[in-house]
Amino acid sequence: MHKKKLQRRFHSHPLFFDITMGLLGQIINSRLFTTVRDSLGLTYDVSFELNLFDRLKLGWHVISITSTPGKVCRAVDACKNVLRDLRSNKIAQSELDWAKRTLLMRHEAESTLNAYWLESLAHLQAASNISCIKDLNSLYEVVTVDDIYLAYDQLKIDESSMYSCVGFAGAQVVEEIFDKEDLCSCVIWFSFFIDCGVHN
């Protein structure tokens, strides 16, 4: 009974987007790594990071890629496809369960660190009672795949919302190494804006 009651009030809980976005980030990171790095062999490393503001109803996420010049453009396209395929290639319950275990293990391991609690409380400044943080463990238990898609729907992943930045490693002038049409970097990241607006 307690679980059903908690599920009913989860959507209006101050930690709703913090938890669902965190779990979504874990799932995206896993898919990026297994698809872009392991399956396609396009990167040495790839990671997904979320950044949310305390009071503004928006934020951004960044995908960082470490690759070779000949593969990095394909790696960028592959990362975009991974993000967009989350709708057609549905998140499995096993993926969500793994993400929950990962974040709960992190919570347990880092709960003695002041920096971790400051990070956890960062997005509760507008809440009337920050004691809601005590619900963290039980809230993770009631998150469903549908809840993760409510978070996913906040990501802006259309072409007009995506921006990229190319950075080069090494001291040599880029134009001396690559043709202009091959100006793909060894390191590239792109960000997308998120609108964590009012959820009904």
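The values are calculated or read from the model by the stated rules, or taken from the named source; none is laboratory data. These numbers were taken from a predicted model, which means no experiment stands behind them. Ligands, DNA and RNA are stripped out before the accessible areas are found, and what is left, the full protein with its side chains, is counted by its heavy atoms. Shrake-Rupley method; radii C 1.70, N 1.55, O 1.52, S 1.80 Å.
Brief remarks follow.
- Note on residue 66: accessible area approximately 60 square angstrom, rounded to 10, probe 1.4 Å, nucleic acids and ligands left out.
- Accessible surface comparison of 134, 100, probe 1.4 Å, protein chains only, largest first: the order is 134, 100.
- Accessible area (Å², 1.4 Å probe, nearest 10) - residue 108: 140
- Order of exposure, largest accessible area first, which applies to 162, 105, 21 with probe 1.4 Å: 105, 162, 21
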